Amino acid sequence: MALNVELIQIKTGFSGDYCYTHARGAVLPGNKAVITTQKLMISGVDIFSGIEMLTSSDNGNNWSEIVPQHPLARKDLGDGVEQTFCDATPFYHRATGKLILTGHDALYLNNKLFPAPRPRHTIWSVFDENAGTWAEFRELKMDDPEKYFSCGSGCCQILELENGELLVPVYFQSRKEAETPGQSTYHSAVMRCSFDGKELRCLDIGNSVTVPVPRGCGEPSVAEFNGRYFLALRNDKAGYVSWSDDGLHLSEPELLKFDDGRESGNYCTQQHWFKCGGKLYMVYTRKGAENDHVFRHRAPLFAAEFDTEKMVLIRESEFIAVPERGARLGNFGCVNVSENEAWVIVSEWMQTTAPDHSNWRRCMSYGSDNSIFVAKIRS
């Protein structure tokens with residue numbers, strides 16, 4: 001049975017200097033929903049401002065203005081160094097009724113990425129619904145800071161277990177790896193965390209996985225289906241998947257393929273999950289869709305059913321969740337709303353292909369305007 005896609009477009013007032021990126025959402029009880037996002041400086045490389053938010057009180061049909069969240073703004077660390085909460089994903093924690101935001105940090109020196117090797121941390125914050133504000137963002141403490149020197153949960157999809165604990169995927173390098181010239185391999189793992197509505201703590205972390213391909217495995221996202229856990233993994237050359245019986249102990253990564261044996265065509269871009277109508281789906285980007293004009297072929301956003309036994313995408317189930325309009329859509333999020341509804345949320349990233357990445361007019365020539373899209377997918 002084909003899924004129905006209802007696409008809601010939210011204008012952002014794009015003017016050319018900055019564009020909104022990392023739009024991801026969460027759905028709360030009472031028909032409430034939130035989207036967090038942040039501005040990117042068009043002329044730079046991954047130069048982000050603090051987190052902003054928009055809200056809905058009618059199940060995502062209408063949305064508020066985008067409002068900066070001052071506790072989630074950049075922190076001045078002195079001597080020209082600033083810390084920014086970025087690559088964030090909001091998540092509604094059923095056990096506590098709290099909205100939590102997870103991601104990682106970026107360090108800037110005089111508004112440019114801090115020179116390598118630079119540390120990275122998993123960053124989090126909790127929303128106070130009564131006050132209508134987020135708490136100051138904090139770093140998640142790791143038991144081995146040397147091993148997890150550059151470790152964050154940026155652009156990752158987390159999962160709540162039946163006991164209220166959270167599975168929080170991360171990717172990391174040790175200090176030694178980060179300080180080794182030419183070493184760019186990242187490892188992915190899943191943390192088991194407790195969250196009591198106020199404190200997020202790492203209780204355990206599973207084995208790490210990687211591949212001997214440039215930059216290894218990053219931006220992992222976890223999903224559960226029929227008692228098993230599945231991890232989607234980004235790599236520079238191809239998409240990968242792994243599975244686990246408990247969410248922590250991961251199998252060796254496998255190339256993401258279709259059921260006809262062909263590789264997915266995804267590369268250097270994240271992949272996320274949703275469940276709908278009793279099936280597990282993956283959302284991804286890929287080559288071969290008349291999209292050579294899009295940076296790293298990061299649009300449109302495709303979705304397809306994932307065969308959890310064969311660990312492949314079912315080719316004939318593939319459909320477009322969010323269409324391509326010249327801008328990249330690779331930084332997105334998925335949220336399960338009910339057994340028969342899920343949302344894919346994304347903003348149009350207004351940087352283009354080489355050599356002039358900041359030529360946003362090229363994106364606009366195909367119709368994009370930095371809109372945020374909410375694709376409501378129903379069975």
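Values in this text are rule-based calculations from the coordinates and carry no lab data. Fair warning: this is a prediction, and the values are worked out from it, not measured in the lab. A quick note on method: Cβ atoms are made from the backbone with ideal geometry, for glycine too, and the neighbour counts reach across all protein chains shown.
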What is the sum of charges, Lys and Arg at +1 and Asp and Glu at -1, for the other residues whose Cβ falls under 14 Å from the Cβ of Ala73? -2
Alpha-carbon Debye profile of the stretch 53-162, log10 I(q)/I(0) at 0.18, 0.22 Å⁻¹: -1.01, -1.33
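May I ask you to derive the FRET efficiency for Glu199 and Glu290 from their Cβ-Cβ distance with R0 = 41 Å, giving the value to the nearest 0.05?
E(calc), rounded to 0.05, equals 0.25.
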For the stretch 1-69, state which trypsin sites (Lys or Arg not before Pro) are in a DSSP loop and have at most 12 other beta carbons lying within 10 Å of their beta carbon. Lys11
Of Ala189, Ala321, Ala354, the most mobile residue in a GNM of the chain (C-alpha springs, cutoff 10 Å) is Ala354
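So between His249 and Glu309, what do we pick up on full extension, going 0.36 nm a residue minus the alpha carbon distance? All intermediate terms of the calculation are to be shown ahead of the outcome.
On the way: separation 60, 0.36 × 60 = 21.60 nm, distance 1.75 nm.
Computed gain between His249 and Glu309 is 19.8 nm.
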Please give the FRET efficiency for Ser365 paired with Lys11, using the beta carbon to beta carbon distance and R0 = 25 Å, rounded to the nearest 0.05. 0.85
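What do you get for trypsin sites (Lys or Arg not before Pro) in the stretch 159-257 restricted to DSSP loop and a cutoff of at most 11 other Cβ within 10 Å of the site's Cβ?
Hits after loop and neighbour filter: Lys198.
For the stretch 133-177, state the semi-axes of the equivalent ellipsoid (square roots of 5 times the eigenvalues of the alpha-carbon gyration tensor), sorted largest first and rounded to whole angstrom. Could you put the intermediate results ahead of the total?
On the way: eigenvalues 100, 43, 22 Å².
Result for the stretch 133-177: semi-axes of 22, 15, 11 Å.
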Coordinate range along principal axes, alpha carbons of the stretch 248-328, Å, largest first: 37, 29, 27
Tell me which lysines have Cα within less than 29 Å of Lys176's Cα, excluding those fewer than 8 residues away on the same chain? Lys75, Lys112, Lys141, Lys147, Lys237
Most fluctuating residue given options Thr21, Thr55, Thr36, as computed from a GNM of the chain linking Cα atoms under 10 Å: Thr55
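With +1 on each Lys and Arg Cβ and -1 on each Asp and Glu Cβ, and nothing else charged, work out how big the dipole of the stretch 1-135 is about its Cα centre, in Debye to the nearest 20.
Details: 11 positive and 13 negative charges, 51 e Å.
I would put it at about 240 debye.
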With the dipole of the chain defined by +1 on each Lys or Arg Cβ and -1 on each Asp or Glu Cβ, the option from Ala189, Ala354, Cys334 whose Cα lies farthest towards the positive pole is Ala354
Over what distance in Å are the Cα centres of the stretch 300-379 and the stretch 266-285 separated? 10 Å
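Determine the relative contact order of the chain: mean sequence separation of Cα pairs under 8 Å and six or more apart, normalised by residue count, in whole percent.
Values: 1085 pairs, mean separation 54.7, N = 379.
Relative contact order comes out at 14 percent.
Nearest 20 debye, what's the magnitude of the dipole of the chain about its Cα centre given +1 on Lys and Arg Cβ and -1 on Asp and Glu Cβ? Display every interim value, and only then the final one.
On the way: 39 positive and 49 negative charges, 130 e Å.
Value, rounded to 20: 620 debye.
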Charge tally in the Cβ shell below 10 Å around Phe149, where Lys, Arg are +1 and Asp, Glu are -1, Phe149 excluded: +1
Residue-count net charge about Glu82 - beta-carbon cut-off 11 Å; Lys, Arg +1, Asp, Glu -1: 0
The answer for GluC sites (Glu not before Pro) in the stretch 44-82 that fall in a DSSP coil and have at most 11 neighbouring Cβ atoms within 10 Å is Glu65
List, largest first, the extents of the alpha carbons of the stretch 15-66 along their principal axes, each in whole Å. 40, 18, 12
Provide Rg over Rh for the chain; use the alpha carbon set for both Rg and the Kirkwood Rh (inverse mean inverse pair distance). 0.93
With x for Gly and Pro, the residue-by-residue ³J(HN,Hα) of the stretch 195-209, computed from phi through the Karplus equation 6.51 cos²θ - 1.76 cosθ + 1.60 at θ = phi - 60° and given in whole Hz, is 8, 9, x, 10, 10, 9, 10, 7, 9, 7, 9, x, 5, 9, 10
